[in-house]
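Participant: Sharing a structure below in structure tokens format, with a few things to ask.
The values are calculated or read from the model by the stated rules, or taken from the named source; none is laboratory data. Since this is a predicted model, take the numbers as computed values, not measurements. Please note: Cβ atoms are built from the backbone with ideal geometry, for glycine as well, and neighbour counts cover all protein chains shown. Side chains are part of the model used for accessible areas, which takes the heavy atoms of the whole protein and leaves out ligands, DNA and RNA. Shrake-Rupley method; radii C 1.70, N 1.55, O 1.52, S 1.80 Å.
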Amino acid sequence: MSIEATDRLAARELSPLRKTTEATSCEALAAEQLEHFSIDAASPFGQRLQEFLTHIYAANTTLHQLWQTTVAELGRLDRRDRVAYFSAKRFLCFQLAKMLDTLQNPLRKTYQSLVPRSVTQAPKGPYPVFDNVTALFSSTPVITRTATYLYACTEWIDEAFRGRELLHEIYSRLLNPTSVSLANHIVDLEAGPRAAEYMAWNFNSGMAAVDATLAHLVGHQDIILSSRNVYGGTYQLLHDWYGKQSNLDVAVRWFDGYTADTFAAALETTQREFASRLDQGREIYVFLESPCNPHGYVLDVPGICRVAHEQDLTVICDSTVGTPFLHPVLRRDAPMERPDFVIHSYTKDLAGSGTTTAGVCIARNERMFMPKGDSLRVKTPSGKDKTYCWDDTLFWNVYYIKGAFLDADKAFEVITGMRTLGLRMLQKCINTIVLSRALDAHPGINVKCAAVEGNENRALCQQQMLLGLPAPLFTIDFESEGNGDGGVDREHFRRFFDCLEPAFGLQVSLGQVNTVVLCPALTSHSELSEQALRDAGISPTTIRLSVGDEDPRELLAHFIRAAELALDPGAPGFSQCFLPPSEIDQLYRDVYLQVHAGYVDGQFTMEQLLR
């Protein structure tokens, strides 16, 4: 069975001598494989094996042709044909697995004859090939608890170390099937129809993802222009590590405001300030956090990306607080309006339960991975031609060598949590609207939340977020206008805050199923100087609320009773200024119905789903 020149690579892909073979037919490839493993082709075993191998080599060629045909036709198929294509190929997976399962039965007996003694079998454990085929059809990804993997042969493992054989994951510091499942899943959620254009690498925490992305991109004396409100740990990483002269001596500058215009003005100022560095070949990198921490305010990410990409700058966006559900920044039609790198802390709303720490970085394929020695010429977001080489990718430059990988157990926890993301986020948004508006009605409480009428960030939130819903994160404070000394003094504020348990969890982090509160100046943003705190809109009485899925009225009831207990002695009558109970009930009912009606109305129609 001769092989056409165009199909030869597909057939050779299965050969143990794929890099060195000169065989030009399926029969020759099969005969060569028998010789490689010292099998007598004239023996009954050799005859059956060669016949089977010939079919396998031919089938792999056809399989690649099927792949190409599917990709070529998929875009013009209606839903009925897509159902048929999927079902046929899905069943083919079972057929191939059944063949592999059949192959294992005599293989197990041969193994038993080679390792007959229990003293040898026990330390080896069950042979990994046996009994694992059925795991392919587990309804959830299998937790692959292993540090290393079996490999097929010398030429295949050589290609694996060059990034050309992804069947061999080699070592779990680099790749793990459970983590890969999660990475593919987050790309599907984030990029949607463009998922094939993007890749993700998982890390052991959100901060590890931030650091890996910056370490991959930023060099000595480069410049980072960052939005003002970022997580305190990110501020510390940028300001204290990257900005440290004995480290990378990066110039870190912050821009206030949330619009493309405020960013453009800050960019122009930064370019003037660091003209000499730019003349020497240094670069500006743009770091955004949207929705931001601690106020939950939204940036005009598409507009800022467009301004940055007009000058071919790289944009990094931490979208942890929004998640792909509320803030799908990679689903913009125009490449100019998409960030180059998107970061999530899985620890927060994506996992949801607060039981694990994990993070991810997502970017276009050519910026994330390609085999060693390869290069690819692509269009930048601005339409210019640019060539990326294999060692320009995040995998080889950082991920492969630094080891901040995500293990299988954590990956599984995140996958499990993400199954309920939409349900949790919708309820959190409802609760955020109710809590923020109820608290904003009190004259002694200042609320920073885009859900509140008249808020400075409300218009951007309406434009950028799903259905205009707010991020489930906002702040309140008890400062008076102008003089900084509120009607609530510091001592009574501390007493009040310490009485917020158990309705409000006194915990760091955010994005849990329960509502948690903290004082940013003392915890999440304690790394900031007093001036930096003021610039970020954080006062000594600022409380950050990370909203959970409870009934918001129970939270308000506890808040009011705690105010009676701890605030009224220092600010008489404070607790009497909350909304009456009946108005809070009506607010909750109105918001609940309005949000759910908007969500239902925003879904595909049945006619669209049938296409």
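Participant: Give segment 530-570 a look and list any residue that's β-branched (Val, Ile, Thr) and within 21 Å of Pro580 (Cα to Cα), or say none. Lay out the reasoning, then the answer.
Facilitator: Let us first name the residues in segment 530-570 that are β-branched (Val, Ile, Thr), namely 538, 541-543, 547, 560.
Ile560 - this is the single residue of segment 530-570 that is β-branched (Val, Ile, Thr) and within 21 Å of Pro580 (Cα to Cα).
Participant: Please enumerate the residues belonging to segment 580-595 that are under 24 Å from Met465 (Cβ atoms), out of contact with any Lys or Arg (no Cβ under 9 Å at 6 or more places or on another chain) and of a type in the set (Ser, Thr, Tyr).
Facilitator: Once the filter is applied, which keeps residues that are under 24 Å from Met465 (Cβ atoms), out of contact with any Lys or Arg (no Cβ under 9 Å at 6 or more places or on another chain) and of a type in the set (Ser, Thr, Tyr), segment 580-595 yields only Tyr592.
Participant: Here's another thing I want to ask about it. Can you name every residue in segment 595-609 that is part of a helix (DSSP H, G or I) and either surrounded by 13 or more Cβ atoms within 10 Å (Cβ to Cβ) or of a type in the set (Ser, Thr, Tyr) (or both)?
Facilitator: Listed by number, the residues that qualify are Val595, His596, Gly598, Tyr599.
Participant: Another question, then. Do you know which of the residues in segment 220-256 that are open to solvent by 20 Å² or more (accessible area, probe 1.4 Å) and under 25 Å from Met199 (Cβ atoms) is modelled with the highest pLDDT?
Facilitator: Leu237
Participant: Pick from segment 382-418 the residues that are among the hydroxyl-bearing types (Ser, Thr, Tyr) and not in a loop (DSSP other than H, G, I, E, B): which of them is farthest from Glu169 (Cα to Cα)?
Facilitator: The extreme case among them is Thr387.
Participant: Residue by residue through segment 419-446, note down the ones that are outside any helix (DSSP H, G or I), open to solvent by 20 Å² or more (accessible area, probe 1.4 Å) and without any contact (Cβ under 8 Å) to a residue 60 or more places away in the chain.
Facilitator: Correct list: Arg419, Asn446.
Participant: Continuing with the same structure: Those residues that are open to solvent by 30 Å² or more (accessible area, probe 1.4 Å) and within 20 Å of Asn229 (Cβ to Cβ), I need them from segment 447-466; list them, please. Can you show your working first?
Facilitator: Initially, segment 447-466 is screened for residues open to solvent by 30 Å² or more (accessible area, probe 1.4 Å), giving 448, 453-454, 456, 458-459, 462-464, 466.
Those that are open to solvent by 30 Å² or more (accessible area, probe 1.4 Å) and within 20 Å of Asn229 (Cβ to Cβ): Lys448, Gly454, Glu456, Arg458, Ala459, Gln462, Gln463, Gln464.
Participant: Looking at this structure, is Glu583 closer than 29 Å to Thr523 by Cα and assigned to a helix (DSSP H, G or I)?
Facilitator: no
Participant: Moving on to the next point. What tally of residues in segment 22-31 results from selecting those that are in contact (Cβ under 8 Å) with a residue 24 or more places away in the chain and not in a helix (DSSP H, G or I)? So that I can check it myself, show each step before the final result.
Facilitator: Going through segment 22-31, the residues in contact (Cβ under 8 Å) with a residue 24 or more places away in the chain turn out to be 25-27, 29-30.
Next, from what is left, pick out any that are not in a helix (DSSP H, G or I): 25.
Qualifying residue count, segment 22-31: 1.
Participant: Okay, moving on. Being over 21 Å from Thr416 (Cβ atoms), open to solvent by less than 80 Å² (accessible area, probe 1.4 Å) and at pLDDT 95 or above narrows it down to one residue among Glu165, Glu197; which is it? So that I can check it myself, show each step before the final result.
Facilitator: Working: Glu165 fails: at pLDDT 95 or above.
Result: Glu197 is the single residue among Glu165, Glu197 that is over 21 Å from Thr416 (Cβ atoms), open to solvent by less than 80 Å² (accessible area, probe 1.4 Å) and at pLDDT 95 or above.
Participant: Something else now. Output yes when any residue across segment 263-279 is under 26 Å from Pro520 (Cα atoms), among the polar types (S, T, N, Q) and at pLDDT 95 or above, and no when none is.
Facilitator: no
Participant: Within segment 15-47, which residues are surrounded by 13 or more Cβ atoms within 10 Å (Cβ to Cβ) and either in contact with a Phe, Trp or Tyr (Cβ under 6 Å, 6 or more places away or on another chain) or among the polar types (S, T, N, Q) (or both)?
Facilitator: Scanning segment 15-47 gives Ser15, Thr21, Thr24, Ser25, Cys26, Leu29, Gln33, Gln47.
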